[in-house]
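Q: Quick one: the structure is below, questions incoming.
Just so it is clear, none of the values below were taken in a lab; they were calculated from the coordinates. The model shown is predicted, which means the values in this text are computed figures rather than measured ones. Please note: Cβ atoms are built from the backbone with ideal geometry, for glycine as well, and neighbour counts cover all protein chains shown.
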Amino acid sequence: MSAYNPLAWERVPGFANSFDRYGWVDYRQNVIDWVRSLKPAPARLLDVGCCRGEYLRKLKEEGFAGELLGVDVTPQCVEAARSAGLDVRQADCRMLPFASREFDVVLFLNVLMHLPDPAQALAEVCRVAGKHLVLSCYGATEERGVWSRNTKAFLNTFYPKSAVLSAMPEGWRLAKFETFVNPFGDPVYQYLFTRRKAGKGE
Ligand SMILES: C[S@@+](CC[C@H](N)C(=O)[O-])C[C@H]1O[C@@H](n2cnc3c(N)ncnc32)[C@H](O)[C@@H]1O
């Protein structure tokens, strides 16, 4: 089992450059489309593990009218996002410096597969999400189950849908689900979760 070190990211050459290489591919645009489909339009959005803030920038470009905020654990990501004029702070997703339900929608994109305890991370990220969570992570078949491709720097874990659903805290329902293949050939699963209204059992 490799030790988890969130700051290992900055030692991976070019880790933040996939947007430069592959641009605005389908699974990225899907996140934007889902956010734009939310009614009423969210007033505050947080992107957890936002890297250089590409999603925040794209949302701004596409007319998102609310407040946009990002966090990332890697200092060089935070610096790059800030120098692009974005409101991004350094924080670990496992201990977020925000009040419960502070944001209408939270993005948690392609970070979960690098963390050792998905249920713990999801609980903390969901804590700050008032209404919606857009989650993206590597997928796997139910037969194969959870499996890992650990690298020297960080974990790389693939989750079947059932593993993600069982790691989610109580009180959320799956509103949308899509699968994609990223430019590296990895299956990317995307989930839109919505908080259940108090007293509703659906
Ligand atoms: C694969 S990149 C995904 C970036 C972006 N969300 C996207 O989907 O393109 C993973 C990002 O998560 C950040 N990260 C890794 N561990 C983290 C942690 N514990 N807390 C916050 N951010 C973390 C990394 O610095 C990196 O920017």
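Q: Take the chain, connect every pair of alpha-carbon atoms lying under 10 Å apart with a spring to form a Gaussian network, then pick out the residue of 74, 151, 141 with the largest mean-square fluctuation.
A: Residue with maximal mean-square fluctuation among 74, 151, 141: 151.
Q: Of 85, 22, 69, whose Cα points farthest to the positive end of the dipole of the chain (charges on the beta-carbon: +1 Lys, Arg; -1 Asp, Glu; origin at the Cα centre)?
A: 69
Q: Moving on. Identify the chymotrypsin sites (Phe, Trp or Tyr not before Pro) of region 122-202 meeting these criteria: DSSP loop state and at most 11 other C-beta atoms within 10 Å of the C-beta.
A: 184
Q: Now for a separate question. Springs between alpha-carbon atoms under 10 Å, Gaussian network over the chain: tell me which of 161, 60, 152 tops the mean-square fluctuations.
A: It is 152.
Q: I've got another one for you. Return the whole-Å distance between the Cα centroid of region 126-202 and the Cα centroid of region 50-102.
A: Centre-to-centre distance over Cα atoms comes out at 20 Å.
Q: Report, in debye and to the nearest 20, how large the dipole of region 61-158 comes out about its Cα centre when Lys and Arg carry +1 and Asp and Glu carry -1 on their Cβ.
A: 320
Q: Add -39500 (n - 2.57) for each DSSP H run of 4 or more in the chain, then divide by its residues: what number comes out at 222 nm, to the nearest 500 deg cm²/dmol?
A: -7000 deg cm²/dmol, from helical runs alone.
Q: Size of the dipole of the chain about the Cα centre, Lys and Arg at +1 and Asp and Glu at -1 on the beta carbon, nothing else charged, in debye to 20?
A: 360
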